[in-house]
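Mind looking over this structure? Questions follow.
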Amino acid sequence: MSRQCVLNLYYMMFFVIIGITSVNAAASKNNLWLTISNNQQLPNPKHPLIDEKLRWYLQQSFYANDISLRAKPYLYYIVDELRKRNMPLELALLPIVESQYRMTVSHRGAAGIWQLMPVIAEYYNVPINEHYDGRYDLKLSTQAALSYLQDLYAKFGNDWLLAIAAYNAGEGKIKSAIANNKRSKKPANFWHLTLPKETREYVPKLLALDKLLKTKPGFFTAIENKPVTRMIDIERPFSILVIAELLKIPNTELLKLNNAYIADKSAPQGPYHLLLPNELATTLEQILLFSQIEVEKGYRVKKGDSLYRLAKLTNTSIAKLKSLNRLTSDKLLLGQELILPASSKTMPNLVREYAISRYIKRVKPEVEILEVNYVVKPSDSLWHIATLFDVTVKQLRKWNQLNSTSIIKPGQTLSIKITQTKKIPIDKDVTTDIAQQIPFLGVTNTAPLNN
């Protein structure tokens, strides 16, 4: 073979290797399981127990899809939190060992995907009361579990295997086993400790899952490397039943991701957040956005607000928001007052009702036209008011006997007519505390609840 042929062969091999690496990188970027397997930090020694557990997992391939389905709403958040804390990403596999990613309770009283015991939950400020069990809350339980693991890691000399064993057996049992080995002048690492059978198998199970991801990357059904759920902070007491009606979904579906709510309502002192699929999260954000508009002062800018976010939630453009509020800069200030336009394109009728209801002086029951009295402000124009209520300037002039040269003045009252669908009667028991906590909340066009 000539030298040139050999060189060509090397070049081909080089580009094949580069191609495979690029494909693997792309696959990792799009699959959370592969992201975990490609960022392994835990030790993974050769050991008969690891091989035994690996063989067992390989025989359970029928449930791999179920694991992915159950993990999907939670996995991105957990991996992201592990990244932020600079912890091994493989710890996201621990809920498989603990609960198979089920929000369940054990016979010993451990609960949630992390199977937290009440004493650990209390120590890490996870509330458990007659209203709420935070061990079933993704955010609170994950924060507590990871903090607990970090503390154990520090206590056991930065040894992850001992920390994971202590997570299962308790700190005391691991310390006692280490002390016994030291007295007997035996190695004090995990593999040489005398531990309960469950704990002896617990760590190998996790390491076997780690090895499984590396050797069988397609074992678990792929989970996209992006959030599919979001946590929405409602910031005030609410009823699960009413939120379900607002979102037009059965309350049982809402509770699947939020079964920390024991009494179907938030605890008086919180927490007040909900985990929702992205689309529903956006809908609820729209509802809450308009519920926060004050009667006289409009909407007050909060932490996290931007023109982009507000334009997206109100189905308008940044340019229109800036024009409506006479803004010359893209920057917003906390507490700044804004006028937000109503929208009739993709927002539900219910949300549009919130946008206008702060001005309603009189509403006739069971009618399709809302009569609105609006007091003109110093900065108002007919165009601004028409945009706010999603009507035309021509209609405003007609309703108020104004001609093309008429000028409106501050303090002047304008009459506005809004087409509104008839209200649907609602079970009195359903309109509970959120109706009182969110000003001007009127539940209309809602879906039936499946209790």
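Could you check the stretch 306-321 and list, in sequence order, the residues that are in a loop (DSSP other than H, G, I, E, B) and either surrounded by fewer than 18 Cβ atoms within 10 Å (Cβ to Cβ) or out of contact with any Ser or Thr (no Cβ under 8 Å at 6 or more places or on another chain) (or both)?
S306, N315, S317 - these are the residues of the stretch 306-321 that are in a loop (DSSP other than H, G, I, E, B) and either surrounded by fewer than 18 Cβ atoms within 10 Å (Cβ to Cβ) or out of contact with any Ser or Thr (no Cβ under 8 Å at 6 or more places or on another chain) (or both).
For L247, only one of the following conditions fails: (1) crowded, with 22+ Cβ neighbours inside 10 Å; (2) more than 19 Å from the chain's Cα centre (by Cα). What is its number?
Only one criterion in (1) crowded, with 22+ Cβ neighbours inside 10 Å; (2) more than 19 Å from the chain's Cα centre (by Cα) is unmet by L247, namely (2).
May I pose another question? For E201, indicate whether it is in contact with a Ser or Thr (Cβ under 7 Å, 6 or more places away or on another chain), more than 23 Å from Y77 (Cβ to Cβ) and charged (D, E, K, R).
For E201, the condition - in contact with a Ser or Thr (Cβ under 7 Å, 6 or more places away or on another chain), more than 23 Å from Y77 (Cβ to Cβ) and charged (D, E, K, R) - is not met.
Follow-up question, since we're still on this one. Before we move on, is A208 surrounded by 19 or more Cβ atoms within 10 Å (Cβ to Cβ) and either at negative phi or of a type outside the set (V, I, T) (or both)?
Numbers: surrounded by 19 or more Cβ atoms within 10 Å (Cβ to Cβ): yes; either at negative phi or of a type outside the set (V, I, T) (or both): yes.
Taking the combined requirement at face value, the residue satisfies it.
Would you be able to say whether some residue in the stretch 181-194 is among the small types (G, A, S) and touching a helix residue (DSSP H, G or I) at 6+ places or on another chain (Cβ under 7 Å)?
So far as the stretch 181-194 goes, yes, one or more of its residues are among the small types (G, A, S) and touching a helix residue (DSSP H, G or I) at 6+ places or on another chain (Cβ under 7 Å).
Tell me, which helices (runs of 4 or more DSSP H) wholly within the stretch 27-120 include 3 or more residues that are surrounded by 15 or more Cβ atoms within 10 Å (Cβ to Cβ) and touching a Pro at 6+ places or on another chain (Cβ under 9 Å)?
Of the helices (runs of 4 or more DSSP H) lying wholly inside the stretch 27-120, those with at least 3 residues that are surrounded by 15 or more Cβ atoms within 10 Å (Cβ to Cβ) and touching a Pro at 6+ places or on another chain (Cβ under 9 Å) span 32-37, 48-58, 64-84.
Let me ask another. Please verify whether the stretch 180-201 includes one or more residues that are assigned to a helix (DSSP H, G or I), assigned by TED's automatic domain parsing to the domain that holds I78 and crowded, with 22+ Cβ neighbours inside 10 Å.
Residues of the stretch 180-201 that are assigned to a helix (DSSP H, G or I), as a first pass: 180-183, 190-192, 197-201.
Applying the additional criterion that residues be assigned by TED's automatic domain parsing to the domain that holds I78 yields 180-183, 190-192, 197-201.
Okay, now just the ones that are also crowded, with 22+ Cβ neighbours inside 10 Å, so 190.
The answer is yes; a qualifying residue exists.
How many of the residues in the stretch 25-84 are polar (S, T, N, Q) and within 20 Å of F190 (Cβ to Cβ)?
3
Of the numbered conditions (1) out of contact with any Ser or Thr (no Cβ under 8 Å at 6 or more places or on another chain); (2) of a type in the set (F, W, Y); (3) modelled with pLDDT of 85 or more, Y11 fails exactly one; give the number of that condition.
For Y11, the failing item is (3).
May I pose another question? Which residues, counting only those in the stretch 173-221, are among the small types (G, A, S) and at pLDDT below 95? Walk me through how you get there before you give the answer.
Just the residues of the stretch 173-221 that are among the small types (G, A, S), to begin with: 176-177, 179, 184, 188, 208, 218.
Within the stretch 173-221, S184, A188, G218 meet the criteria.
The values are calculated or read from the model by the stated rules, or taken from the named source; none is laboratory data. As the structure is a prediction and not an experimental result, all values here were calculated from the model. Positions of Cβ are generated from backbone atoms using ideal geometry, with glycine treated the same way; all protein chains shown enter the neighbour counts.
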